[in-house]
Amino acid sequence: REVSRDAGRDRQIDPHLMGLRLSRAAGASAAFVGTTIALDLEPAYQAAVIVLTGLVVARAIQFDWIYQAREQMGIVSARNATASGVTVAIALLLVREPDDLLMGAVALAVGPLVANLGLLALYTRNAGFPRPQFDRNAWKTLLAPALPLAASALVSQFYYNADKLMLEAFRATAEVGLYEAAYKLYAIAVAPAGVLYTAFYPALSGAFGNRDAMREEGRRYGGVQFAIGPPLAL
């Protein structure tokens, strides 16, 4: 929201946000690995889950939101395409048998990490490296407006994963995997709605606080979503 209003705000926010994200990633990774070890999973499954901790680290250095706020969607698209392309390439090269679970996890973790490092290099070339700052007062200022979004994201994660957690309690893990693969058809069907959300988000954020602008942007966004909703559902 801040960068949508003022494109230069990112240089003031980034060092604090980088420190916050790296600290959060360290804590989350430690908790994730510790929980995985405590669950006493099968060795191959446990190793794969631990490798996926790399996604937490990759997320900490993901700077696509800056370019999204500036409506530089070409850069955002290039980042997403790179992450997907690297993931697919590694999977095709290394995943040959059903037992190649670890290699599949490596593909999922390395793809976003490579893409985010490339995006960080681009940002550093243009604006300098955002040296992490660990200022708790600045963190509180950044976190307070984000709490509603964080709560929404947490509830959404539970909603979209509760079915798999329940199935895991009653069915074999392989069957849950097949269910998740089939669910991807739904993900593909609603992808256009996600693309529109990404494209409209900067305008919606920039209009925040201006009632007339919010109404106009909301009307535009809602109109397009309602137009594509029935075909997607069909």
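Taking region 83-113 as the range and being surrounded by fewer than 18 Cβ atoms within 10 Å (Cβ to Cβ) and within 30 Å of Glu2 (Cβ to Cβ) as the test, only Ser84 passes. Among residues of region 129-153 that are charged (D, E, K, R), those with a beta-carbon under 7 Å from a residue that is modelled with pLDDT under 90 at least six positions away or on a different chain give the pairs Arg131/Pro15; Asp135/His16.
The set of residues from region 5-22 being open to solvent by less than 60 Å² (accessible area, probe 1.4 Å) and either charged (D, E, K, R) or in contact with a Lys or Arg (Cβ under 8 Å, 6 or more places away or on another chain) (or both) comprises Ala7, Asp10, Asp14, Pro15, Met18, Arg21.
Per-residue answers, yes or no, for (1) touching a Pro at 6+ places or on another chain (Cβ under 6 Å); (2) modelled with pLDDT of 90 or more:
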| site | (1), (2) |
| --- | --- |
| Glu2 | no, no |
| Arg24 | no, yes |
| Val33 | no, yes |
| Thr36 | no, yes |
| Glu71 | yes, no |
| Val95 | no, yes |
| Ala109 | no, yes |
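Right, Leu154: modelled with pLDDT under 85 and either surrounded by 12 or more Cβ atoms within 10 Å (Cβ to Cβ) or closer than 21 Å to Arg21 by Cα (or both) or not? So Leu154 does not fit the description; no.
Open to solvent by less than 80 Å² (accessible area, probe 1.4 Å) and more than 30 Å from Ala7 (Cβ to Cβ), is that true of Ala174? Yes, satisfied.
For the residues Gln68, Gln46, the requirement of being in contact (Cβ under 8 Å) with a residue 24 or more places away in the chain and surrounded by 15 or more Cβ atoms within 10 Å (Cβ to Cβ) singles out Gln68.
The values are calculated or read from the model by the stated rules, or taken from the named source; none is laboratory data. Worth saying up front: this structure is predicted, and the values here are computed from it rather than measured. Neighbour counts are summed over all protein chains in view; Cβ atoms, including those assigned to glycine, are modelled from backbone coordinates with ideal geometry. In case anyone asks, the SASA skips ligands and DNA or RNA and just uses the protein heavy atoms, side chains included. Shrake-Rupley method; radii C 1.70, N 1.55, O 1.52, S 1.80 Å.
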